[in-house]
Amino acid sequence: MEEDFLNEPDSVEKKKIREKAISEQQILYNYGKRIEEAYHNSTVAKLIAGVNTLPIPNMAWEGEHLMYDVDDIKYVQVINFLRENYWSGVNFKDNLLLNTPYIGGKMTQYISLFNIKDNKNILLAINEVLQKASVNPDIYHVVEESLLNLYLKKKSGFFNEELGTYILKNEKNQPFTPDWRKDVIDSNISFIEKNKLGSIAADLRLEDQNGKKISLLDNKSQYTILYFFNPDCSHCMQVSPIVKEWLSNGAPKNVVLQAVYVDNDEKLWRKYISENKFPKNWIN
């Protein structure tokens with residue numbers, strides 16, 4: 001129906017499609033409520049109660065509000081509604097949820113309904129959900145894992161180390177978090193902070209082919225590429241010539257590459273260096 005709306009050129013027909021979509025959402029919600037009542041306290045009823053989210057007022061389909069800026073009143077109204085109602089049917093005390101993929105999926109869907117630039121409301125929403133889930137440590141960890149998969153995995157589309165760190169700190173402050181886990185969290189946060197975008201990188205001191213100690217932080221070039229490789233690696237064999245060519249002919253003058261051999265076969269490493277030529281801005 002959303003596709004019909006987008007492809008419909010006539011404004012009157014567009015309005016009819018939206019009204020029909022809004023009406024059908026309400027019908028579907030009401031149908032779910034009737035099943036909940038008919039099978040009260042059953043597994044089916046509990047799952048439907050969690051999935052059956054109250055329709056967003058005046059929105060024809062999920063995500064329609066994302067066409068507006070984060071400061072637009074229409075976006076703000078929808079976000080406030082979601083924060084108040086999205087989790088209303090979920091009983092976080094019920095361990096039944098542990099045996100389903102339901103919580104993780106609902107968490108991901110919830111976050112996707114926020115503008116990715118809306119850090120303020122996302123942070124509030126995360127805090128609210130973790131607080132609700134904290135009544136059940138097992139459920140809490142499912143919710144937390146879903147969030148960390150979003151914010152600490154670079155390919156998730158939601159990668160945000162600031163939010164990931166906040167989630168870890170939230171777990172550390174929970175009364176059910178054991179001391180050993182707090183130590184792990186501190187270690188993880190420390191690693192994130194050391195390697196956070198915009199911060200000074202952790203130093204890396206290794207010997208070059210002449211036995212000289214080379215420090216990453218001693219490099220005065222504006223940009224430094226760390227290239228971790230192994231001469232026997234099939235992917236490295238494909239990539240290294242391309243990188244050399246780029247450094248020789250296409251790279252800006254303020255770029256230096258530090259190639260770090262990742263294995264412990266020094267003879268292989270030295271053989272590779274002696275048999276190959278490298279650009280001046282390539283350090284082995």
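Only the coordinates and a few stated rules stand behind these numbers; no lab work does. As the structure is a prediction and not an experimental result, all values here were calculated from the model. Positions of Cβ are generated from backbone atoms using ideal geometry, with glycine treated the same way; all protein chains shown enter the neighbour counts.
Helix 137-151 axis versus longest C-alpha principal axis of the chain: approximately 60°, rounded to the nearest ten.
Return the loop-located trypsin sites (Lys or Arg not before Pro) in segment 12-105 (DSSP other than H, G, I, E, B) with at most 12 other Cβ atoms within 10 Å of their own Cβ; answer none if there are none. The partial results should precede the final answer.
Details: sites: Lys14, Lys15, Lys16, Arg18, Lys20, Lys33, Arg34, Lys46, Lys74, Arg83, Lys93; in loops: Lys93.
The qualifying sites are Lys93.
Helical content of the chain, expressed as a calculated mean residue ellipticity at 222 nm, amounts to -17000 deg cm²/dmol (DSSP H runs of 4 or more residues, -39,500 (n - 2.57) each, divided by residue number, nearest 500). Distance between the pseudo-spin-label points of Val70 and His40 (7 Å out from Cα toward the beta carbon): 4.4 nm.
Each label was represented as a point 7 Å from its Cα along the Cα-to-Cβ direction; for Glu275 and Val239 these points are 2.1 nm apart. Amide H contacts under 5 Å for Leu204: Leu216, Leu217, restricted to partners 5 or more places along the chain or on a different chain, H placed in the peptide plane at 1.01 Å from N. Counting only alpha carbon atoms, the long axis of helix 179-194 and the longest principal axis of the chain meet at about 60°.
So if R0 is 22 Å, what FRET efficiency would Asn91 and Phe191 give, r being the distance between their Cβ atoms, rounded to the nearest 0.05?
So, using R0 = 22 Å, E works out to roughly 0.05.
A full extension of the chain between Leu206 and Asn30 corresponds to an added length of 56.8 nm, given 0.36 nm per residue minus the alpha carbon distance.
Given axes a ≥ b ≥ c from the Cα gyration tensor, I'd like to know whether segment 130-189 is rounded (a/c under 1.5), prolate (a/b larger than b/c) or oblate. Walk me through the numbers before you get to the answer.
Working: a/c = 2.31, a/b = 1.35, b/c = 1.71.
Taking the square roots of the gyration eigenvalues as a ≥ b ≥ c, segment 130-189 is oblate.
Too long at a 22 Å Cα-Cα cut-off: which of Lys194/Lys277; Lys46/Lys93; Lys117/Lys153? From the list (Lys194/Lys277; Lys46/Lys93; Lys117/Lys153), the Cα-Cα distance tops 22 Å for Lys194/Lys277.
Taking neighbour Cβ counts within 10 Å as the exposure measure, how do Val44, Val184, Val78 sort from fewest upward?
Working: Val44 11, Val184 14, Val78 23.
Lowest count first: Val44, Val184, Val78.
If you fit an axis through the alpha-carbon atoms of helix 102-112 and take the longest principal axis of the Cα set of the chain, what angle between them do you get, 0 to 90°, nearest 10? The helix 102-112 is inclined about 80 degrees to the chain.
Loop only per DSSP, at most 11 neighbouring Cβ atoms within 10 Å: give me the trypsin sites (Lys or Arg not before Pro) in segment 197-268, ordered by residue number. List each step's numbers first, then the result.
Working: sites: Arg205, Lys212, Lys213, Lys220, Lys244, Lys253, Lys267; in loops: Lys212, Lys220, Lys253.
For trypsin sites (Lys or Arg not before Pro) across segment 197-268 that sit outside H, G, I, E and B with at most 11 neighbouring Cβ atoms in 10 Å, the list reads Lys212, Lys220, Lys253.
This structure gives Rg/Rh (Cα atoms, Kirkwood Rh), computed directly, and of (i) 1.12; (ii) 1.10; (iii) 0.97 that value is listed as (i). For segment 176-281, the list of chymotrypsin sites (Phe, Trp or Tyr not before Pro) that fall in a loop by DSSP and count at most 16 other C-beta atoms within 10 angstrom reads Phe176.
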